[in-house]
Amino acid sequence: MEGRDATAAALVGNEGEQTATKKAALPKKKDQPKSKMEQLFGFKKEDLTSWPSLVTLLNRPTDPASLGIFRCMFGMLMAIDITQERGLSHVDYKYLDGAPVCRFPLFNFLKPLPMDWMYLVYLVMFIGALGIMLGCFYRLSCLMFTSTYWYIFFLDKTAWNNHSYLYGLIGFQLTLMDANRYWSMDGLRRPAIRNAHVPLWNYTLLRTQIFIVYFIAGVKKLDADWVGGYSMSYLANHWLFDPFRVILPVELVSLLVVHGGGLILDLSAGFLLFFDATRPYAFVFVSYFHCMNSQLFSIGMFPYAMLATSPLFCYTDWPRWFFGCFPAFLRGILPLTTANPQPSSSCVYQETGGGRAERQQTATKSSKLKFKHKLAAIFTVVYMLEQFFLPYSHFITQGYNNWTNGLYGYSWDMMVHSRSHQHVKITYKDGQTGEVGYLNPGVFTHSRRWKDHGDMLKQYATCLSELLPRYNISDPEIYFDIWVSINERFQQRIFDPRVDIVKADWSPFRPNPWLMPLLVDLSPWRTKFQEIESTLDNQTEIVFIADFPGLHLENFVSEDLGNTSIHLLQGSINVEVVEEKKNYTLQAGENIKVPAGAYHRVYTVSEEPSCYMYIYVNTTEAALQQNFTKLLDLQERIRNGTETEPLPPELQPLLSADNDVGSEVNATDPIVRLFLKRQRRIKEVKKRREAGMLERLERFAVKKYYSIRRGFLMTAIAMRNLAVGLPPLEQLTQEVAFANMKEPEAEAKLDARLKEEVGHGEL
């Protein structure tokens, strides 16, 4: 008979559990036909009518095969993730001893350990992940991984994201589960647990967690900005969407495919994975979706981790028939394919009648509800309710709410909001002398996320106030003027620039008093933005600004930006040209040209927010592009032999421009030298894009190899330091240099030259 795994509140995938319910080959009564509810959801209505029946349901014996395979895949992915996104390869950059660095822990009392000890933390986490993968000393391995993972996680809010939070949750869940009952080293050491049943709640928790990830992400995408196509519009230009752009314009690709498709998939994926009839289609769609995400975003192991969760919704015995298809000589190293799991004290078995043999078999199984069964059921129900509640708990932690609710990372609002920062200014004032100065944005920190979160801004200001006295700045006051555009709206201030953040009040449970409101009433202007931008040529740039009454924007126009003008869209402003000491008042529809190489201030004098736009042309870049066009035409004539005039000495390098990429550029004229560098870079980019699959794979593998290599070598150095102490400085320098060794020399030199050219470091 095929039984089905139950779900709490019908939120977990149904199962055909053939192996867990097979009886002894004795005469028995004919099975009762299943109700429609039992066929769809895997449980009967009677299973939910009382607490004992629910406890029995959640502790029902279930095949451990699928859970064991997931445990192995999760541990493997986490071991890889630790060397990559968790940052093992650059622990020394992040936690260098004695460096004046501002950090952003969840709790201010959390501090990083000395650098060598931080390497030990990462090593414990890595060993824990390997132990989970192998099922070796499983419970201890889970504790090693989970405790160190959450320590690293809480230590830095700026690195938070939804999938990092998900990894921690799954690690916590696995700690409480019996995932080492199948294909584990513990099973080899302890035959009593090998291939033993696991309680149904093990699957219920994991399936519900994945359902929440999909479904809540879809609910969050019902936001007007996502539905309107403003959240991720830039993705439509990615090469992955080239097939769609053949039949649809870019605007419709963004609206229908990127945003519409993402919304529908997230809302429906959990339900499609749930039912037998729709599960094959769900596998196709979610696999395609996660493979695309692996190319669209730098999100580490997340797409692969989500792919690993999909089989959890299948029949729990799927690994048995899957690995049973392999040749017999491989059976020794592959998971078990026998279909007779052992009884487990973690499960509750139904009492059965029948003959003596069946009664003797049942005697070894627990048919009574014990305290641990009830505790497991309570935990399952409470955990699921808590996970549904947390994404909407922002009315409690109001201090973390900004333009978006809560700390980013546990609300499953993935990719719903995109931001751009136009202007960031940090001003300090000496509390004793009154001296005013400015700081480079991001000084003393590795992160940029503090610009969008009031709690992090408060931590940053407090840290700066402690560091600046080292530079003879006493009792500093710190002011931040941060301009942000969210989902293609106006650039506007997010925090009040008149508030000294060092002394500003902030509480995690009260609204932030110095947060400026998002001007949502101006959102309809985004349609007008597109109309205005469509009328501009490729060399003209535009920035849309909105400001509050009583505030002003101080701006400096670079000498490269000629023909810069301010056009007022709404409200009333006063433009002060500082050097000329003149003021100009503008009303809606008027504009003024502002001088290059000088400061000006724009005051909002109307009672309503002002809206205006800067229109400018980078004259230096435009002139450079004209010269590049002339040189490109000349180079083409040289190649096809139509250029008859002798070249002057400064243009002679064009004759050898087709030499090997690795050759140096020997040009005395700066424009010619820059042109040849640009041509070489274009050629290299084209070569990389047209590279075959094997070449791309090799390049990827080499890059990862040197990154992982550095992480392990630096860990070995740190463990040696902890064990026997620091070596002489010269020896330590040589060891670190060896760990820092990069790719082969020619490739490294090429990458270095490419990175020298501004804006192309990603190559």
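The values are calculated or read from the model by the stated rules, or taken from the named source; none is laboratory data. Because the structure is a prediction, the values reported are computed rather than measured. Heads up, the Cβs are rebuilt from the backbone with ideal geometry, glycines too, and the neighbour counts pull from every protein chain shown. Only protein heavy atoms, including side chains, enter the accessible area calculation; ligands, DNA and RNA are left aside. Shrake-Rupley method; radii C 1.70, N 1.55, O 1.52, S 1.80 Å.
Key figures for this structure:
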| quantity | calculated |
| --- | --- |
| Calculated FRET value between Lys111 and Val382, using beta carbons and R₀ = 25 Å, to 0.05 | 0.20 |
| Helix 693-724 vs. the chain, principal-axis angle (Cα, 0 to 90°, nearest 10) | 80 |
| Three-way shape call for segment 143-205 based on the alpha-carbon gyration tensor, with the a/c threshold at 1.5 | prolate |
| Cys residues of the chain counted as unpaired, since no other Cys beta-carbon is under 4.7 Å | Cys72, Cys136, Cys142, Cys291, Cys314, Cys325, Cys347, Cys611 |
| 16 Å reach of a label modelled at Phe297, 7 Å along Cα-to-Cβ, counting backbone N of segment 271-286 | 286 |
| Folded to 0 to 90 degrees: helix 670-689 orientation relative to the chain principal axis, Cα | 20 |
| Protection-proxy order for peptides 668-674, 139-145, 497-503, each taking the mean of Cβ atoms within 10 Å per residue, highest first | 139-145, 497-503, 668-674 |
| Label-point separation, Glu541 to Ala588 (7 Å along Cα→Cβ), nm | 2.9 |
| Around Glu435: net Lys/Arg minus Asp/Glu count, Cβ-Cβ under 13 Å | -2 |
| Cβ-defined net charge surrounding Pro513, 15 Å radius [Lys, Arg +1; Asp, Glu -1] | +1 |
| Unit charges at the beta carbon, dipole of the chain: most positive-side option, Val198, Val257, Met719 | Val198 |
| Cα centre as origin, Lys/Arg/Asp/Glu Cβ charges: the chain dipole, Debye | 4280 |
| Extension reserve of the Glu621-Leu655 stretch, reckoned as 0.36 nm per residue once the Cα distance is removed | 9.7 nm |
| Distance in nm between pseudo-label sites at Leu694 and Phe154 (7 Å out along the Cβ direction from Cα) | 5.1 |
| Over segment 111-176, relative contact order from alpha-carbon pairs under 8 Å, at least 6 apart, % | 29 |
| Signed unit charges on C-beta, dipole axis of segment 30-84, positive-most listed residue Val55, Gln84, Cys72 | Val55 |
| Relative contact order (%) - criterion: Cα under 8 Å, at least six apart; region: the chain | 12 |
| Percent RCO, i.e. relative contact order, over segment 135-261, from Cα pairs under 8 Å lying at least 6 residues apart | 19 |
| Sorted peptide list for 685-697, 538-550, criterion being average Cβ within 10 angstrom, highest first | 538-550, 685-697 |
| Tilt relative to the chain, helix 279-296 - C-alpha long axis, 0 to 90 degrees, to 10 | 30 |
| Per-residue [θ]222 nm for the chain (sum of -39500 (n - 2.57) over DSSP H runs n ≥ 4, rounded to 500) | -13500 deg cm²/dmol |
| Cross-link table Lys687/Lys742; Lys683/Lys703; Lys45/Lys220, entries beyond 25 Å C-alpha to C-alpha | Lys45/Lys220 |
| Within the accessible area of the chain (1.4 Å probe), percent carbon and sulfur | 60 |
| Residue pairs, from the table Lys94/Lys425; Lys458/Lys503; Lys528/Lys593, whose Cα atoms sit over 19 Å apart | Lys94/Lys425; Lys528/Lys593 |
| Net charge of neighbours whose Cβ lies under 14 Å from the Cβ of Ser474, counting Lys and Arg as +1 and Asp and Glu as -1 | -3 |
